[in-house]
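Enquirer: Mind looking over this structure? Questions follow.
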Amino acid sequence: MNQTLWNYFSSEEQQEYIKFLKIFGALSGLFKDTNEGSNASKPYLYYRNHEQLFARVFDVEDLTRYDSAFDAVGNFNGHRIGIGLKTWIHTRDKTFQKVAEFNKLAPTVIRPLIANAEPLEVVKKVASLRNERIGLDCRTYKTTSEIYHNITRDSNVMNIVESTYDLVDLDSLRLLSVKDDKSVFDFEDKHKKYKFYVSKSVLLQEFDASPNCVITQIPIKQYSDPFELIEHIQLEGNISQSIDKKNVIYLPIYSDRNYVVEEKSGFNAWNAASKVKGSDRLRPDFEAYIPIPIWIHHLFPNFFGFDALDKEARNNSIGFKLHLPDGNSFDAIVTQDNGKSLQTNPQSILGKWILHDVLGVEARQLLTIDRLRLLGVDSLKITRIDNENFKIDLADTYAFENWKLDLQSDIENCSAIKQKPIFRPYLSN
């Protein structure tokens with residue numbers, strides 16, 4: 001196998017990672033019966049604990065809170081690597097594990113094909129959707145390579161196994177079988193085998209964890225009475241940590257009024273009439289801004305370090321740094337009437353990043369809500385680091401609408417908001 005991710009980590013990091021895996025394994029008895037069944041000797045590792053441990057020990061960006069194809073992104077000697085994390089019980093060397101789900105696209109995109117098209121068309125569409133999502137995150141985080149880092153759990157051991165993170169090769173894609181009721185589609189390409197389960201709209205990929213793929217094997221001692229270990233934990237004081245939700249807002253890529261991407265404003269501002277009256281001169285390619293609904297400024301006053309509803313305060317603002325998921329940053333401001341626009345100077349810097357580099361839209365091509373739904377994103381998450389620094393991340397489909405629903409009582413009780421926004425509860429399903 002080629003260069004492994006494991007080899008990028010220092011020996012100190014590797015040993016700390018192994019130490020905590022041993023601790024998790026020692027506590028297996030808290031979560032499963034260690035005395036009975038064929039898996040009794042196989043340690044327990046909750047996948048969320050694995051993800052949290054990986055992000056804690058290694059110098060990577062944790063993406064598990066986002067609807068991303070990757071669980072983490074690491075920067076190693078200038079190489080940005082997208083990382084998928086998985087753990088499973090080792091029952092056989094080759095096994096299928098979930099790599100994608102399409103719950104939001106299944107009713108409108110996949111199920112109509114199952115009903116009306118040939119099975120090969122179905123698996124090609126599933127494979128294309130998988131590739132679209134990987135491509136979106138590769139562009140977002142500017143990865144140069146991708147890899148899976150897996151933990152398999154066998155009798156009193158945990159195995160570290162890594163495997164390639166491939167796009168589905170559409171040219172070599174081949175349908176293997178379809179259940180009579182069209183509930184399961186089996187297919188393969190030149191790299192891997194896949195299964196698509198219709199009922200849950202999930203795609204599984206075959207992973208190889210045979211002995212020659214194991215990078216290192218970790219012996220695990222499971223305690224029959226894990227409470228013996230827990231009683232040694234000393235709790236000092238009242239340890240608590242709160243997350244200030246006032247430091248996070250969501251902004252729609254579309255119009256909050258009608259749930260469409262306007263053709264001549266927002267992310268399609270490049271398509272608006274010339275700024276020079278009477279001129280037919282085209283606006284710059286990718287000219288764009290992020291729409292900020294006015295009600296957000298009422299509920300989150302001074303979120304950007306000043307009163308965005310006050311014209312003088314906006315004009316006196318020197319702006320801030322907007323930090324991208326790929327590690328770059330650029331200068332940004334909140335401007336226009338009632339602070340309705342988050343943009344860069346020139347506006348095309350922000351537009352090119354989101355429209356072209358991330359969403360894959362070409363110059364002077366309209367962004368549509370259908371394109372956003374296909375990619376599984378329609379919102380942006382803005383996190384305030386301090387008044388001079390803000391982080392921007394993609395947010396999955398309906399993230400803004402669901403966030404707005406969470407704030408519904410605050411919105412309705414805020415007398416300063418004259419025109420209440422539209423609530424779309426059906427989008428939360």
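Enquirer: Out of the residues in the range 308-333 that are over 22 Å from G360 (Cβ atoms) and either in a loop (DSSP other than H, G, I, E, B) or of a type in the set (D, E) (or both), state the one that is farthest from the chain's Cα centre (by Cα).
Expert: Taking the candidates together, the pick is E312.
Enquirer: Also, I was wondering about something else. For the range 127-167, enumerate the residues that are among the β-branched types (V, I, T), over 30 Å from L113 (Cα atoms) and out of contact with any His (no Cβ under 7 Å at 6 or more places or on another chain). Please lay out each step first, then the result.
Expert: Start the filter on the range 127-167 by keeping residues that are among the β-branched types (V, I, T), which leaves 134, 140, 143-144, 147, 151-152, 157, 160-161, 164.
Next cut, over 30 Å from L113 (Cα atoms) only: 143-144, 147, 151-152, 157, 160-161.
Once the filter is applied, which keeps residues that are among the β-branched types (V, I, T), over 30 Å from L113 (Cα atoms) and out of contact with any His (no Cβ under 7 Å at 6 or more places or on another chain), the range 127-167 yields T143, I147, V157, I160, V161.
Enquirer: So, one more: Tell me which of these S177 doesn't satisfy, since it passes every other one: (1) part of a strand (DSSP E or B); (2) surrounded by 13 or more Cβ atoms within 10 Å (Cβ to Cβ); (3) not charged (D, E, K, R).
Expert: Of (1) part of a strand (DSSP E or B); (2) surrounded by 13 or more Cβ atoms within 10 Å (Cβ to Cβ); (3) not charged (D, E, K, R), only one is false for S177: (2).
Enquirer: Additional query: Out of D62, D71, D67, D93, which single residue is crowded, with 20+ Cβ neighbours inside 10 Å and of a type in the set (D, E)?
Expert: D71
Enquirer: Of the conditions (1) over 15 Å from the mean Cα position of the chain (by Cα); (2) assigned to a strand (DSSP E or B); (3) not polar (S, T, N, Q), A115 satisfies every one except a single condition; which number is it?
Expert: Every listed condition holds for A115 apart from (2).
Enquirer: Looking at the range 149-162 only, could you name the residues that are in a strand (DSSP E or B) and either exposed (fewer than 14 other Cβ atoms within 10 Å of the Cβ) or touching a residue at least 60 places away in the same chain (Cβ under 8 Å) (or both)?
Expert: Initial filter on the range 149-162 (in a strand (DSSP E or B)): 149-154, 157-162.
Of everything in the range 149-162, those that are in a strand (DSSP E or B) and either exposed (fewer than 14 other Cβ atoms within 10 Å of the Cβ) or touching a residue at least 60 places away in the same chain (Cβ under 8 Å) (or both) turn out to be H149, N150, I151, T152, R153, D154, V157, M158, N159, I160, E162.
Enquirer: Of everything in the range 319-352 that's basic (K, R) and more than 21 Å from H298 (Cβ to Cβ), which residue is surrounded by the fewest Cβ atoms within 10 Å (Cβ to Cβ)?
Expert: By that ranking, first place goes to K321.
Enquirer: With (1) in contact with a Leu (Cβ under 8 Å, 6 or more places away or on another chain); (2) not in a helix (DSSP H, G or I) as the list, and R384 as the residue in question, which single condition is left unmet?
Expert: (1)
Enquirer: Would you check if there is a residue in the range 57-74 being assigned to a helix (DSSP H, G or I), assigned by TED's automatic domain parsing to the domain that holds V126, under 22 Å from D137 (Cβ atoms) and not β-branched (V, I, T)?
Expert: No: zero hits.
Enquirer: Right, something else. Is it the case that some residue within the range 163-174 is assigned to a loop (DSSP other than H, G, I, E, B), more than 25 Å from L394 (Cα to Cα) and over 27 Å from the mean Cα position of the chain (by Cα)?
Expert: No: the range 163-174 contains no residue that is assigned to a loop (DSSP other than H, G, I, E, B), more than 25 Å from L394 (Cα to Cα) and over 27 Å from the mean Cα position of the chain (by Cα).
Enquirer: Considering D357, D370, which residue is exposed (fewer than 15 other Cβ atoms within 10 Å of the Cβ) and in a helix (DSSP H, G or I)?
Expert: Working: D357 fails: exposed (fewer than 15 other Cβ atoms within 10 Å of the Cβ).
Going through D357, D370 in turn, the sole match is D370.
Enquirer: Moving to a separate point now. I'd like to check something: does the range 5-12 contain any residue that is in a helix (DSSP H, G or I) and crowded, with 19+ Cβ neighbours inside 10 Å?
Expert: The answer is no, given that none of the residues of the range 5-12 is in a helix (DSSP H, G or I) and crowded, with 19+ Cβ neighbours inside 10 Å.
Enquirer: Restricting the search to the range 94-112, which residues are touching a helix residue (DSSP H, G or I) at 6+ places or on another chain (Cβ under 8 Å) and not in a helix (DSSP H, G or I)?
Expert: Correct list: V99, A100, F102, K104, L105.
Results for (1) in a helix (DSSP H, G or I); (2) touching a residue at least 60 places away in the same chain (Cβ under 8 Å), shown as yes or no for each residue.
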residue: L342; (1), (2): no, yes
residue: E362; (1), (2): no, no
residue: W403; (1), (2): yes, yes
residue: F423; (1), (2): no, no
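Enquirer: If only one of K124, K190 is assigned by TED's automatic domain parsing to the domain that holds I23, outside any strand (DSSP E or B) and surrounded by 18 or more Cβ atoms within 10 Å (Cβ to Cβ), which one is it?
Expert: Testing whether each residue is assigned by TED's automatic domain parsing to the domain that holds I23, outside any strand (DSSP E or B) and surrounded by 18 or more Cβ atoms within 10 Å (Cβ to Cβ) leaves just K124.
Enquirer: Turning to a different aspect of this structure: Every residue in the range 29-50 that is crowded, with 19+ Cβ neighbours inside 10 Å and either at pLDDT 90 or above or touching a His at 6+ places or on another chain (Cβ under 7 Å) (or both), please.
Expert: K42, P43, Y44, L45, H50, listed by residue number.
Enquirer: Would you confirm, using the coordinates I've provided, whether G305 is more than 25 Å from the chain's Cα centre (by Cα), at positive phi and in contact (Cβ under 8 Å) with a residue 60 or more places away in the chain?
Expert: yes
Enquirer: Going by the structure shown, is N316 farther than 17 Å from I249 by Cβ, surrounded by fewer than 17 Cβ atoms within 10 Å (Cβ to Cβ) and out of contact with any Gly (no Cβ under 9 Å at 6 or more places or on another chain)?
Expert: For N316, the condition - farther than 17 Å from I249 by Cβ, surrounded by fewer than 17 Cβ atoms within 10 Å (Cβ to Cβ) and out of contact with any Gly (no Cβ under 9 Å at 6 or more places or on another chain) - is met.
Enquirer: Consider the range 242-277. How many of its residues are among the β-branched types (V, I, T), outside any loop (DSSP other than H, G, I, E, B) and modelled with pLDDT under 90?
Expert: 0
The values are calculated or read from the model by the stated rules, or taken from the named source; none is laboratory data. The model shown is predicted, which means the values in this text are computed figures rather than measured ones. A quick note on method: Cβ atoms are made from the backbone with ideal geometry, for glycine too, and the neighbour counts reach across all protein chains shown.
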